[in-house]
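The values are calculated or read from the model by the stated rules, or taken from the named source; none is laboratory data. For clarity, every value in this text was computed on a predicted model and none was experimentally measured. Cβ atoms come from the backbone with ideal geometry, glycine included; neighbour counts cover every protein chain shown.
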C-alpha cells in the first residue's frame, strides 16, 4: 500500500458517511489535500463538518495525525507520509 494514508471517521462523521475508514493516496501531501481526496473518495461531502468557508478548522474540530493533534503541528499544512493515520472528529454539540 505504498503512498496510502488511512482516514478514519468518528462520531457524527461516521454516521453521516456510513463508514469507519478509507484509504487514499497521500504520501507527501498536506492534511487539507488528503481531506479533499478523502471527501471525493467517500462520494459524499463532509468537509463542511470540519472546516469553515475559508478552509480553516472549525472550533471544536479535532484532527489527529498518528494520534497527535494537527493544531500542535502545522495545522492543515501538516505533511503526511505513507502509512500515516488521520483521525477525524467533527465538533460535538450539546447542551
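Return the only residue of 41, 68 being modelled with pLDDT of 95 or more and in contact with a strand residue (DSSP E or B) (Cβ under 9 Å, 6 or more places away or on another chain).
Numbers: 68 fails: in contact with a strand residue (DSSP E or B) (Cβ under 9 Å, 6 or more places away or on another chain).
Only one candidate passes the filter, namely 41.
Is it true that some residue in the range 37-46 is out of contact with any helix residue (DSSP H, G or I) (no Cβ under 8 Å at 6 or more places or on another chain), crowded, with 16+ Cβ neighbours inside 10 Å and closer than 23 Å to residue 15 by Cα? Talk me through it step by step, then tell me what you get.
Of the range 37-46, the ones out of contact with any helix residue (DSSP H, G or I) (no Cβ under 8 Å at 6 or more places or on another chain) are 37-38, 40-41, 43.
Going one step further and asking which of them are crowded, with 16+ Cβ neighbours inside 10 Å, we end up with 37-38.
Filter once more, keeping what is closer than 23 Å to residue 15 by Cα: 37-38.
Yes, the range 37-46 has at least one match.
Tell me, please, whether a residue that is exposed (fewer than 15 other Cβ atoms within 10 Å of the Cβ) and assigned to a strand (DSSP E or B) can be found in the range 67-76.
yes
Could you list all residues from the range 1-13 that are in contact with a strand residue (DSSP E or B) (Cβ under 8 Å, 6 or more places away or on another chain), assigned to a loop (DSSP other than H, G, I, E, B) and over 21 Å from residue 91 (Cα atoms)? Lay out the reasoning, then the answer.
Filtering the range 1-13 down to residues in contact with a strand residue (DSSP E or B) (Cβ under 8 Å, 6 or more places away or on another chain) leaves 1, 3-11, 13.
Those still in the list that are assigned to a loop (DSSP other than H, G, I, E, B) too: 1, 3, 10.
Within the range 1-13, 1, 3 meet the criteria.
So, residue 82, is that one out of contact with any helix residue (DSSP H, G or I) (no Cβ under 6 Å at 6 or more places or on another chain) and surrounded by 13 or more Cβ atoms within 10 Å (Cβ to Cβ) or not? Can you show your working first?
Numbers: out of contact with any helix residue (DSSP H, G or I) (no Cβ under 6 Å at 6 or more places or on another chain): yes; surrounded by 13 or more Cβ atoms within 10 Å (Cβ to Cβ): yes.
So residue 82 fits the description; yes.
Per-residue answers, yes or no, for (1) under 20 Å from residue 3 (Cβ atoms); (2) not in a loop (DSSP other than H, G, I, E, B):
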site	(1), (2)
15	no, yes
22	yes, yes
35	yes, yes
40	yes, yes
48	no, yes
53	no, no
81	yes, no
87	yes, yes
